[in-house]
Every structure is written in C-alpha cells, then in structure tokens.
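These notes concern the structure reproduced below.
The values are calculated or read from the model by the stated rules, or taken from the named source; none is laboratory data. In this text the structure is predicted, and so the values were computed from the model without any measurement. For neighbour counting, all protein chains shown are included, and Cβ atoms are generated from backbone atoms with ideal geometry for every residue, glycine included. Only protein heavy atoms, including side chains, enter the accessible area calculation; ligands, DNA and RNA are left aside. Shrake-Rupley method; radii C 1.70, N 1.55, O 1.52, S 1.80 Å.
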Amino acid sequence: AASPFFFFFFHELRTPIQTIIGTLELMGDTKLDPEQTEYVRQVKFSADILLALVNDLLDFSKIQSGQFKLESIPVNPAVVVEETVDLISIEAHNRGLEIITNIGREVPNTIMSDPTRIQQILLNLIKNAVKFTPQGYIYVSVTISNNNLLFKIHDTGIGVPKEAQEKLFKAYYQADASTTRKYGGTGLGLAICKSLITAMNGQIGITSNPEGGSIFYFQLPYNPIPQEDKKSNELVIPAKTKILIVDDSIIATNSLVKKLHRIGIKNISTAST
C-alpha cells in the first residue's frame, strides 16, 4: 500500500502544476508571435501530461490500497451520461467530431449507485475516444442487458489491434508506444476504469467497430428505485405535433428520433442532407 507521504507528495504536486497550466492559458491569450505560441503550446502539453500522470497515480494508488469508498445513492443514468458528454463536447467540436447519445427507453430514471465513479469511468472512456478519433463520431449508449446497465462508447478512431485488446486494461500498458508521444497519457486510465468497475461488481471490455475504430463497453448491476406516478409533471404533447429531422448522420437522426419517442412524440419524419 502507498505511504501517507506518497499521497501528501502528489496532492501537493498538483497545485503548482495547475498554476503553471493556468498561467500558460493566460499567456496564450496575449500577443505572441507564431514561435512563442508554439513554445507555450508545447509547455502546456507537457504540463497537462504531468497533471494527468499525478491524478492517475493518486487514483490508482487509492484503489490498490483500498483507500476509496463506493457510494450508493439515487442516480439518474441519463443525467450522468448527458452531463459527462457536456464536459467533453467543446473539445470534440473543436476536433470536428460529433458526439451522439442514446438512452434506452427501458433504462430506469433512478437507480442506486455511485454517480461520481460512473462519471469518472465514462469521462475516461469518452475522452480517450475523442483523443484517438481524428474524424467521424463518438456514440454513447446506455441500455439494459441481462439485468445490468450496459454502457457502450463507439468511436471511428485509430482502433486497437486484436492482439492488444486483451492486455489493454493492464496498468501502464499501451498498445503502441508512439501514442504516448503523439497523444500523451499514462497507460493507467483504463486500468483505473477496470478497477472501479470490478469494485462495483461489473465488467469492462472492448471490440472493434465495424465502421472503423473501437467499441468500449462496460456493464454494472443496478437496483432500480420504484417511481411514483407524477402525471402532473409529464410533458403535454399536442396531438397533431409533427417533427421533421434533417441530418447528414443516420446515427444522430436515429438518436434524436428515440429521444422524441421517449417524451411521447410519434409523428416524426426524417431526411438526410
């Protein structure tokens, strides 16, 4: 188990690193020539990697030493997913990527679980998908499978060779060492996800996306909370409501159709651009 000094050291290390990153962001907003801008970018890239390393080491050490506790409080899975995607949406937009979400109609509105840990897992997997996807989309879905919540993160990125997929969740392992130089990362993120999911009695895995890229998935057992019938709070949809959806992405179109069905709108037409 890690010593108290270890935790104190890395907690204290985070503060100056965060100060460096904040100062570099302010410096980036000043009048710099192209060469100075590149220097700032390189230093900030390295500082971001160092901060990620410190955070990952702290998380991993806490998990390995048992110094973390799981909560069991009411959670809305749909809200956790949408809030997590919101945190990454700007980064994805800046890379020209579309993030699409789909929450199955069978998914309960409220379950007993640990929202912080679920968001930590989702954040890690979705950020990875964005980081390793040069173009295309990220598709996040939640359904019920074998009495478990099943989360899937599809991407159209660089993918993972089949021979590397089984080793991918081991600590410090990366499928290609060159990805560290190009994208950053510590090789701990997926190991942390697996440790958290295992602690929550779930499972995690990866398959190849037929459209190119990868599909990371994890499933968690859950306890639904019986909901009272609150018809007064339901959205009232006019009977003759008609919706036309026009989008160049079939996946995005289908996702929006399902969202509208979920709130009671049935008369929907679609078209592609």
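Which shape class applies to the stretch 1-158: rounded if a/c is under 1.5, otherwise prolate when a/b exceeds b/c and oblate if not, where a ≥ b ≥ c are the square roots of the Cα gyration tensor eigenvalues? Note, shape of the stretch 1-158 comes out oblate. Between the C-alpha center of the stretch 79-101 and that of the stretch 29-62 there is a gap of 21 Å.
Would you mind counting up the charge near PHE68? Only other residues with Cβ under 13 Å from its Cβ, with Lys and Arg at +1 and Asp and Glu at -1.
So the environment of PHE68 carries a net charge of 0.
Scoring 156-164, 31-39 by mean Cβ neighbours within 10 Å over their residues and listing the highest first yields 156-164, 31-39.
Please state the shape class of the stretch 120-171: rounded when a/c is under 1.5, otherwise prolate if a/b exceeds b/c and oblate if not, all from the C-alpha gyration tensor. Verdict is oblate for the stretch 120-171. When the charge dipole of the stretch 38-103 is built from unit charges on Cβ atoms (+1 for Lys and Arg, -1 for Asp and Glu) and taken about the Cα centre, the candidate among THR101, LEU87, LEU53 whose Cα reaches farthest toward its positive end is LEU53.
Rolling a 1.4 Å probe across the protein heavy atoms gives the stretch 12-163 an accessible surface of 54 Å² per residue. Treating the beta-carbon of each Lys and Arg as +1 and of each Asp and Glu as -1, no other charges, what is the dipole magnitude of the stretch 1-152 about its Cα centre, to the nearest 20 debye? For this selection, approximately 360 debye.
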